[in-house]
Amino acid sequence: MFLLLAMVVLTLGVWAGAAQEQNSCLICHSEIKVDYLESVHTGFGVTCIDCHGGDPMTLEMQKAHALEAFFRGTPQRTEIPELCASCHSDPVKMKPYGLRTDQYAEYQTSQHGKLLAQGDTRVAVCTDCHTAHRILPAWEPRSTTHPENISQTCAQCHSQRDQSVHSAALAQGNTKAPTCATCHGVHGAAPPGVADVSKACGMCHIAERTHFEASPHKKPMDEQSIPECVSCHGSHSIEPPDRKLFDMVCTRCHSASSKEQLVGQKIKTLLVAADESLREATQLLEQAQQRAVDVSAYRSRLIEARSYFLQALPVQHSLDIVHIEELTRRAKSIADDVRGGLHSLQGVFTVRLLGLTLVWIFLLLVIVVISLVLRERQGERL
Ligand code: HEC
Ligand code: HEC
Ligand code: HEC
Ligand code: HEC
Ligand code: HEC
Ligand code: HEC
Ligand code: HEC
Ligand code: HEC
Ligand code: HEC
């Protein structure tokens, strides 16, 4: 067994050595070799000469770099997308790997691609996001395109920082939260199937989108080209919901005394009231549980109440007061019920506690009296 393993290792070593010896580029360019050997391209036979040309069989620099050997030197930034596309946009070359072939086509629709076509070389080309020599698939944690690293990759050139709920969620390991590339599209101007980046939110927040689309906001906002979700939430500093938005955001477009602002305040009041009742009920439940009281019936009712409340959250985007009132009323009335029940349980508990204390005081008194009597008798005997 060990012998077999040793032989396999030896054979692989010789084979790898031979393959490397054939590529003289690696001998002189040892720094690039380190990156290159880590990259996905190495494993699939993409070599230095595929991108640079040259003669990999000689150790003489002049011959290795000879024009007759089609040596191209370092590609210009403007040439790089086409260079990568020479394989990645070719369905025949990519077929064995099942990779998509639309990266270059998409890239040309992005602001990066459009500006590059106009000769602006400050924009991102393929190698700015993927590197030239240490190209790794996005699932590989060390990859510059891995979700955890992507914001740093963009930050080479952009000062935008994602300071929103999303980056906090990403930092906590929530892989469902968007990175820069999820909202902006990986290669294109926007993610596939999304008209522009301001509509990217609806890819994930489907319930919010559905209710927004049914709201009186949808049509006028589209007609006046007001970005939908972003005009209230922003894009890079989206905050967790704490009902503050109702006070801050509606007055951007409606006057402070308008009926629209009033609608906002009504929705806020309904949500806050239900939320508070739920919170108090939950607190009482936990207290009761600590005293080993059986609260399982209350627990399942609270779960029901919470589910009505959670339903109401996306529905707020419809601005349909009747619907929101119905859901929050259900949530609140169940939570109020539970609170009532737990309060009276607490009452019973207090009475029991009082009774128990009285019994203890009585017992203590009896013990004191008995011991006094005993001591007196002992005194009498002496
Ligand atoms: C004998 C050593 C040697 C070999 C073999 C060699 N190179 Fe080089 N290469 C160099 C040195 C030294 C430089 C930097 C000097 C220069 O710019 O000419 C360089 C520069 C380069 C550059 C940058 C040139 C530019 O104009 O920006 C590229 C690209 C390159 N080599 C690719 C290759 C490839 C591909 C191979 C294999 C086919 C190869 N080299 C083989 C030594 C070598
Ligand atoms: C997938 C295409 C590709 C492969 C494979 C590739 N290169 Fe490059 N290389 C590039 C591009 C593109 C640049 C331009 C610099 C950049 O954008 O980072 C470059 C730059 C260079 C440079 C000059 C700049 C620098 O980083 O020092 C050298 C030297 C070089 N490559 C050598 C090599 C050698 C040696 C190999 C094989 C081990 C190799 N390259 C494999 C695409 C490639
Ligand atoms: C000679 C053909 C060829 C060229 C040129 C080429 N690639 Fe590749 N590339 C491949 C092959 C083959 C694979 C391996 C397919 C796989 O990963 O299953 C690959 C894989 C990749 C992957 C990983 C895909 C994944 O998720 O599995 C990325 C990213 C990539 N290449 C980017 C580039 C970039 C950027 C350039 C230009 C600097 C480039 N490639 C140039 C052939 C090429
Ligand atoms: C602005 C950054 C950026 C630029 C520019 C860029 N890419 Fe990508 N690319 C990414 C990211 C991020 C991913 C990972 C997508 C994912 O998570 O699935 C990716 C994935 C890929 C893949 C893997 C297959 C796929 O489509 O998911 C290939 C191949 C690829 N890119 C090639 C290219 C080529 C070729 C170019 C230039 C025409 C290019 N990329 C330009 C960021 C970029
Ligand atoms: C090599 C530098 C570089 C990298 C890396 C880079 N960009 Fe860019 N990007 C630019 C430049 C330059 C512009 C054009 C800016 C301008 O027109 O003011 C641009 C434009 C954009 C725009 C359009 C802005 C607008 O006003 O329309 C978006 C969106 C964008 N980049 C997102 C990204 C994302 C997301 C990433 C990472 C996945 C990224 N960029 C990586 C340089 C870069
Ligand atoms: C949740 C989605 C989302 C995420 C994540 C996101 N963006 Fe944006 N970004 C947007 C939207 C939407 C806009 C358009 C802003 C507007 O219309 O007000 C935008 C605008 C931009 C612009 C154009 C200039 C500007 O500020 O208006 C750049 C550049 C940009 N984002 C880069 C980035 C970078 C870099 C990251 C990652 C650190 C990132 N974005 C993360 C949604 C997102
Ligand atoms: C790739 C999917 C995705 C996209 C695209 C996306 N989000 Fe999110 N969003 C999430 C995830 C995941 C969370 C975290 C949920 C949680 O913590 O419960 C989140 C959280 C939120 C929250 C806080 C909700 C809460 O209960 O804490 C708001 C508000 C939000 N996103 C708004 C937006 C807006 C506005 C956009 C577009 C600019 C957007 N999202 C784009 C996935 C996405
Ligand atoms: C007219 C303003 C407005 C628009 C437009 C808007 N929202 Fe909201 N959104 C709000 C308000 C107000 C809240 C409650 C926030 C709070 O409690 O602070 C909210 C809450 C949310 C939440 C968190 C739900 C919760 O309370 O747990 C998400 C997720 C969300 N919105 C996504 C979206 C998406 C996706 C879109 C676009 C389809 C969108 N919003 C459009 C105003 C808006
Ligand atoms: C970015 C601008 C914008 C913001 C922010 C905004 N609205 Fe509106 N709202 C509109 C537009 C445009 C209309 C269409 C009627 C109009 O032109 O006044 C509208 C209409 C409405 C209507 C329907 C009025 C009717 O007569 O049918 C209600 C209700 C409403 N908004 C409530 C709100 C609330 C509540 C908020 C805050 C959570 C809010 N709006 C935030 C732009 C906005």
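A few points about this structure:
- Options Gln163, Gln172; residue that is in contact (Cβ under 8 Å) with a residue 12 or more places away in the chain and more than 10 Å from ligand 5 (Cβ to nearest atom): Gln163
- Of all residues in the range 198-214, those satisfying the criterion of being more than 14 Å from Leu313 (Cα to Cα) and away from ligand 4 (no atom under 16 Å from the Cβ) are Ser198, Lys199, Cys201, Gly202, Glu213, Ala214.
- Tabulated pairs, the range 201-213, first without any contact (Cβ under 8 Å) to a residue 12 or more places away in the chain, second within 16 Å of ligand 1 (Cβ to nearest atom), C-beta under 9 angstrom, 6+ apart or interchain: none
- Against the test of being without any contact (Cβ under 8 Å) to a residue 60 or more places away in the chain and within 14 Å of ligand 2 (Cβ to nearest atom), the options Glu31, Glu60, Glu38, Glu68 yield a single qualifying residue, Glu31.
- Residues of the range 1-34 satisfying the condition of being modelled with pLDDT of 70 or more and either surrounded by 15 or more Cβ atoms within 10 Å (Cβ to Cβ) or not in a helix (DSSP H, G or I) (or both): Asn23, Ser24, Cys25, Leu26, His29, Ile32, Lys33
- Test: residue in the range 174-189 that is more than 16 Å from ligand 4 (Cβ to nearest atom), more than 30 Å from Val338 (Cα to Cα) and at pLDDT below 95: no
For every residue, the table says whether it meets (1) in a helix (DSSP H, G or I); (2) within 30 Å of Pro216 (Cβ to Cβ); (3) modelled with pLDDT of 90 or more; (4) under 37 Å from the mean Cα position of the chain (by Cα).
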residue: Glu280; (1), (2), (3), (4): yes, no, yes, yes
residue: Ser300; (1), (2), (3), (4): yes, no, yes, yes
residue: Ile324; (1), (2), (3), (4): yes, yes, yes, yes
residue: His343; (1), (2), (3), (4): yes, no, no, no
residue: Gly347; (1), (2), (3), (4): yes, no, no, no
residue: Leu354; (1), (2), (3), (4): yes, no, no, no
residue: Ile361; (1), (2), (3), (4): yes, no, yes, no
residue: Leu372; (1), (2), (3), (4): yes, no, yes, no
residue: Gly379; (1), (2), (3), (4): yes, no, no, no
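- Of the residues in the range 51-68, none is surrounded by fewer than 16 Cβ atoms within 10 Å (Cβ to Cβ) and under 26 Å from Met94 (Cα atoms).
- Once the range 40-50 is narrowed to residues that are in a loop (DSSP other than H, G, I, E, B) and loosely packed, with under 15 Cβ neighbours inside 10 Å, the residue that is nearest to ligand 5 (Cβ to nearest atom) is Phe44.
- Test: residue in the range 104-122 that is more than 8 Å from ligand 4 (Cβ to nearest atom) and at positive phi: yes
- Of the helices (runs of 4 or more DSSP H) entirely within the range 163-277, those holding at least 2 residues that are open to solvent by less than 50 Å² (accessible area, probe 1.4 Å) and out of contact with any helix residue (DSSP H, G or I) (no Cβ under 8 Å at 6 or more places or on another chain) occupy 165-171.
The values are calculated or read from the model by the stated rules, or taken from the named source; none is laboratory data. What you see is a predicted model, and the numbers here were worked out from it, not measured in a lab. Cβ atoms come from the backbone with ideal geometry, glycine included; neighbour counts cover every protein chain shown. Heads up: the accessible areas ignore ligands, DNA and RNA and are worked out on the full protein's heavy atoms, side chains in. Shrake-Rupley method; radii C 1.70, N 1.55, O 1.52, S 1.80 Å.
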